[in-house]
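**Student:** Mind looking over this structure? Questions follow.
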Amino acid sequence: MGFLLTTDIVFIDGKGVSPRRIFNCGKTSFLLEKFKELVSSGADVSRILVLCPLSVKERFTDIALAGASGCGELHIDSFSAFAKWALKKNSHQFTRSCDFTIISGKEEEVIVKEILSENLPPLKNFSACRNFRGFISEAVNFIDAHKIAPSVKLGPDEFALLGEYDKRLKERGLFDLRDVEKLCLESVSSGVFSSGFDHIFLDGWEDLNRQESRIFISLVERAPALKGLYIAGDSSRGIYDFLGGDAEGTRKALEGKFAPHSPILSATIEPEFEVWKFLSDYDNAQWILSKIKKLIASGISPEDIAVIARDTGDEIKMLEDMASSEGVPVSCPSGAPFFKHPQFLAFMSFLYFTEGIDEKVSFADMLALPVFKMSDSDIFRFLEGSHEMRKGPAEKIEKVRSSAKKAARADSLPNPAKIKKLYSFCGSEELAGDDIVLNRLFGKFFEYAEKFHSITGGMAFETFLSFLSESLATFARAPYLGDIPGTSPLLTVHEAKGAHFKFVFIPGAVWGKFPRRFSPGVYIKKTEDEQKHYDTEEKIFLSALSAGTEKVFVSFNGGDEDEMPSPYIEEFLKDIAVKSAPAQDTFSVEMEMVPAERPPDGSVHGDIFFSGRDGGKVKISVSSLESYMKCPLNFFIERMISLETKRSEKALCGTLVHSILEKFHAEFPVPARKSEMSRRMDELTDEVFSSPDAADFETRHSAGCWKAFFSFFLKKYAEGDNIFKVTEREKSVSVPIEDIEVSGRIDRVDEIEGGFEVIDYKTGTGKKFKKVALRNQIGRGEHLALPIYARAIEGCSEITLFWLADHEKPEDYPQKVTLALDDEKTLAALEEMDLKLKEALENIKKGDFSPASKCPNSRSCPHKDLCARVRGVDIYEI
């Protein structure tokens, strides 16, 4: 390789150092000590290249700054950052202009969306999928994977997409990360860094992809005067396969050159482990926060404590929300991005509002902007008032919209300039004032808008805003504010890679997260096989465990029958006894239910409980019972004291679609000609979505979007090869259960061979394993309608949920999920339901309205603050 005889070479593969593989081998510590020795001996820090994970970059930087006086440029960063720097530094070598922009993630998705929106003939199949969530990200992942390891077997759509994507990037002077790596390899191979560095450090080689490992080897081979080469990694810890990471391939490439220079490392001390089982995610979060509080009170620095989750999902969001009220200092780089800051949300809402994209507008935030000059009472009248009360504020708001449009279009300004003009117009600039953080963040946002403009070209302002809003997911708070000192970080496993903390909490250790389920790709088949997927998932779990140095707490929710503990707990922590935590005390005050005096007709509170003329029998509706089963507190608020809540647009759509199907089957109780049924379905959809019942949509645009979504599936149903013989529609029934009459309305009854089928329409999104999920919900008492309705129809042999629409897998819908009532598992679920139903009715009579142990709708529940107060959380502690 041409090294000097004096070159100090060290190659480390930490695999196998630990027999249990659940703690680290000390490779990073070894590199840090080596780096410190060099700095202390007076080595020129500007001639040392350090390639490391971002989680340990600060540790190398601190050593460099503490030990060197007057050092020049530091070369300490991640591998991808080095590749970008190398490309910028040596752009004169390439045929493209040096005026280029590097894009990644959501920005790549924007290019793909733009291509597919043009309906190019070679992309006919892909273009038809462009509006389905998941397809665009799959397409970008396919492009990345192909650029790293080109495939010779490409379909026509795949070949055309790749060609069009590269063409757009070249026309606009754009590079994606794979292009950056390719050109960086050319730059390094040309020898431009041959005398640039005296020492090179590489930490975490297991996460390099093939192109990056070629870059590194080329860099080393073209540095004959290199004095030191220090390479560390662990082939058992590569967790970046989704970005092309190739631990085994990189190991073979590096080991063949550097294996003779491997030192023997002794493993670090294994931390202590605890495994905890909780009844709900809420209980788990409460326990973690209380433990963090106690650790801090005992003298542990908050920065030595971390929560590491599989993703920024429910566990992280719940912890972040609860931490502020509990007074626990935490920070989440991914969970609280700048684009959710109230001031920024108000400004973005104003941009959408100006262009008429009202479905993206948060009116509560936007109307507080100075340009509207609205008092709190005006805002309340507009948001919550009747049609008459809203009239005055609405006129004022529309005048502002008209003025804003004129201001934006007064000059032929490019899109970023329009954004800046509206920033001043709406008063956001005035509100930011001298706030350093807000001014800095808005400044970065305007820079990003300029970059985005260079990606998208001169598209219409409305389209530009729509694409920009989707791309903002990469514009997080952390890169611009830095880490918040004195806080415990809430991290994903990938964010925590390479970092170490004295105490680590790993919530959500359940199947589905550790490991995630393998998906071969819905639209574009993945090259990854199932075994490789689960091998990587195992490494991800081990990476989380190895982040702790003193104690690691692994926890999972054992109160949900649909969730199973992670199999890795049994595999790697089988010697650790699982501890069960008691449920949190939800009520802090005693409640006494005092029955109100009955009116003369014997009714109590509308249709919830009432006595008819049939001997004073108590009645309750099925929907009320299901509401109680989900959350007794929510039932009490909405059903018993009738605290009004605004009906969501999704719920409104459910009502309208039920109406369409009822009218449709009134005319078509049995199938007719498909063309006739399709035409009539279109007419009924237009009729119902234009009726007074549809007047509660926020905007006409929103109504149009919902109509377009459901029209696709309704028409598909009308044109499908469906067999039906409808005998009843919207049938009211009443079923006696012990001394109570349970009432409801059946959506549809069909005559089938050997009996009848009771059908319930669903317009929401179902669970993946729908038949199992339905049976489990019946057993837990969460779905009562179909079993109770079946008892009202003599000869009923089947019950069916009719799932009409799904935005993720439209090709599978409409879809029926049917249970046979003589099935052994279904009968067992019905027996469990009867027991829970009896218990629930007794609890209602006792006045037990405690919050559900696991809230089914925790983040969007309108009563979550009240629920928190009932649980004993002080929501006013900020």
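Yes/no matrix, rows are residues, columns are (1) closer than 16 Å to PHE11 by Cα; (2) open to solvent by less than 20 Å² (accessible area, probe 1.4 Å); (3) part of a loop (DSSP other than H, G, I, E, B); (4) at pLDDT below 85:
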residue	(1), (2), (3), (4)
LYS182	no, no, no, no
LEU185	no, no, no, no
PHE193	no, yes, yes, yes
PHE201	yes, yes, no, no
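**Student:** Also, I was wondering about something else. Answer yes or no: is there a residue in the stretch 253-269 that is open to solvent by less than 20 Å² (accessible area, probe 1.4 Å), in contact with a Ser or Thr (Cβ under 9 Å, 6 or more places away or on another chain), modelled with pLDDT of 80 or more and under 30 Å from LEU319 (Cα atoms). So that I can check it myself, show each step before the final result.
**Tutor:** Of all residues in the stretch 253-269, those open to solvent by less than 20 Å² (accessible area, probe 1.4 Å) come to 254, 258.
Restricting the remaining residues to those that are in contact with a Ser or Thr (Cβ under 9 Å, 6 or more places away or on another chain) gives 254.
Remaining after also requiring modelled with pLDDT of 80 or more: 254.
With under 30 Å from LEU319 (Cα atoms) added as a condition, the list becomes none.
Within the stretch 253-269 (the criterion being open to solvent by less than 20 Å² (accessible area, probe 1.4 Å), in contact with a Ser or Thr (Cβ under 9 Å, 6 or more places away or on another chain), modelled with pLDDT of 80 or more and under 30 Å from LEU319 (Cα atoms)), the answer is no, since none of the residues qualifies.
**Student:** Check every one of the strands (runs of 3 or more DSSP E) wholly within the stretch 685-795 and list those with 2 or more residues that are within 18 Å of ALA820 (Cα to Cα).
**Tutor:** Ranges flagged: 740-752, 755-762.
**Student:** Moving to a separate point now. Return the residues of the stretch 425-471 that are charged (D, E, K, R), under 23 Å from ASP365 (Cα atoms) and in a helix (DSSP H, G or I); say none if nothing qualifies.
**Tutor:** Scanning the stretch 425-471 gives GLU429, GLU430, ARG440, LYS444, GLU462, GLU470.
**Student:** Right, here's the next one. Check the stretch 754-765 and report whether any residue there is free of Cβ contacts under 8 Å to residues at least 40 places away in the same chain and either buried (at least 19 other Cβ atoms within 10 Å of the Cβ) or within 30 Å of SER519 (Cα to Cα) (or both).
**Tutor:** Of all residues in the stretch 754-765, those free of Cβ contacts under 8 Å to residues at least 40 places away in the same chain come to none.
Scanning the stretch 754-765 turns up no residue that is free of Cβ contacts under 8 Å to residues at least 40 places away in the same chain and either buried (at least 19 other Cβ atoms within 10 Å of the Cβ) or within 30 Å of SER519 (Cα to Cα) (or both).
**Student:** Quick check on PHE452: is it modelled with pLDDT under 75 and among the aromatic types (Phe, Trp, Tyr)?
**Tutor:** Working: modelled with pLDDT under 75: no; among the aromatic types (Phe, Trp, Tyr): yes.
Spelling it out, it is not the case that PHE452 is modelled with pLDDT under 75 and among the aromatic types (Phe, Trp, Tyr).
**Student:** Being touching a Ser or Thr at 6+ places or on another chain (Cβ under 8 Å) and hydrophobic (A, V, I, L, M, F, W, C) is the filter here; which residues of the stretch 428-452 pass it?
**Tutor:** PHE442, PHE452
**Student:** Look through LYS650, LYS663 and report the one residue that is buried (at least 16 other Cβ atoms within 10 Å of the Cβ), basic (Lys, Arg) and not assigned by the TED database to the domain that holds LYS360.
**Tutor:** Numbers: LYS650 fails: buried (at least 16 other Cβ atoms within 10 Å of the Cβ).
Only one candidate qualifies: LYS663.
**Student:** Another question, if that's okay. With ALA805, ALA852, ALA790, ALA828 as the choices, which residue is within 24 Å of CYS631 (Cβ to Cβ) and either open to solvent by 10 Å² or more (accessible area, probe 1.4 Å) or among the small types (Gly, Ala, Ser) (or both)?
**Tutor:** Exactly one residue qualifies, and that residue is ALA852.
**Student:** Could you please find all residues in the stretch 154-171 being open to solvent by 40 Å² or more (accessible area, probe 1.4 Å) and farther than 14 Å from VAL140 by Cβ?
**Tutor:** Once the filter is applied, which keeps residues that are open to solvent by 40 Å² or more (accessible area, probe 1.4 Å) and farther than 14 Å from VAL140 by Cβ, the stretch 154-171 yields LEU154, PRO156, PHE159, GLY163, LYS167, LYS170, GLU171.
**Student:** Residues being among the small types (Gly, Ala, Ser), at pLDDT 90 or above and surrounded by fewer than 16 Cβ atoms within 10 Å (Cβ to Cβ): count how many of those fall in the stretch 538-590.
**Tutor:** Total satisfying the criteria: 1.
**Student:** What are the pairs, 6+ residues apart or on separate chains, where a residue within the stretch 110-128 that is open to solvent by 70 Å² or more (accessible area, probe 1.4 Å) and in a helix (DSSP H, G or I) has its Cβ under 8 Å from a residue that is modelled with pLDDT of 80 or more and aliphatic (A, V, I, L, M)?
**Tutor:** Close Cβ pairs satisfying both conditions: PRO122/ALA160.
**Student:** Sort out for me the strands (runs of 3 or more DSSP E) sitting completely within the stretch 1-95 that have 3 or more residues that are modelled with pLDDT under 80, open to solvent by less than 50 Å² (accessible area, probe 1.4 Å) and touching a Phe, Trp or Tyr at 6+ places or on another chain (Cβ under 7 Å).
**Tutor:** In the stretch 1-95, 8-13 are the strands (runs of 3 or more DSSP E) which contain 3 or more residues that are modelled with pLDDT under 80, open to solvent by less than 50 Å² (accessible area, probe 1.4 Å) and touching a Phe, Trp or Tyr at 6+ places or on another chain (Cβ under 7 Å).
**Student:** Kindly indicate whether any position in the stretch 424-444 is crowded, with 16+ Cβ neighbours inside 10 Å, under 20 Å from GLY356 (Cα atoms) and of a type outside the set (A, V, I, L, M, F, W, C).
**Tutor:** Checked against the condition, which is being crowded, with 16+ Cβ neighbours inside 10 Å, under 20 Å from GLY356 (Cα atoms) and of a type outside the set (A, V, I, L, M, F, W, C), the stretch 424-444 yields at least one hit.
**Student:** Quick check on my filter: what residues within the stretch 777-787 are touching a residue at least 40 places away in the same chain (Cβ under 8 Å) and crowded, with 19+ Cβ neighbours inside 10 Å?
**Tutor:** Those that are touching a residue at least 40 places away in the same chain (Cβ under 8 Å) and crowded, with 19+ Cβ neighbours inside 10 Å: ILE778, GLY779, GLY781, HIS783, LEU784, ALA785, PRO787.
**Student:** What's the number of the condition ALA820 fails, among (1) free of Cβ contacts under 8 Å to residues at least 40 places away in the same chain; (2) open to solvent by 40 Å² or more (accessible area, probe 1.4 Å)?
**Tutor:** Every condition holds for ALA820 apart from (2).
**Student:** Would you call SER412 closer than 20 Å to TYR352 by Cβ, at pLDDT 75 or above and outside the structural domain of PHE503 (by the TED database)?
**Tutor:** Against the criterion (closer than 20 Å to TYR352 by Cβ, at pLDDT 75 or above and outside the structural domain of PHE503 (by the TED database)), SER412 does not qualify.
The values are calculated or read from the model by the stated rules, or taken from the named source; none is laboratory data. Computed from a predicted structure; not experimentally measured. Heads up, the Cβs are rebuilt from the backbone with ideal geometry, glycines too, and the neighbour counts pull from every protein chain shown. For the accessible areas, the whole protein counts, side chains as well, though only heavy atoms, and no ligand, DNA or RNA atoms are used. Shrake-Rupley method; radii C 1.70, N 1.55, O 1.52, S 1.80 Å.
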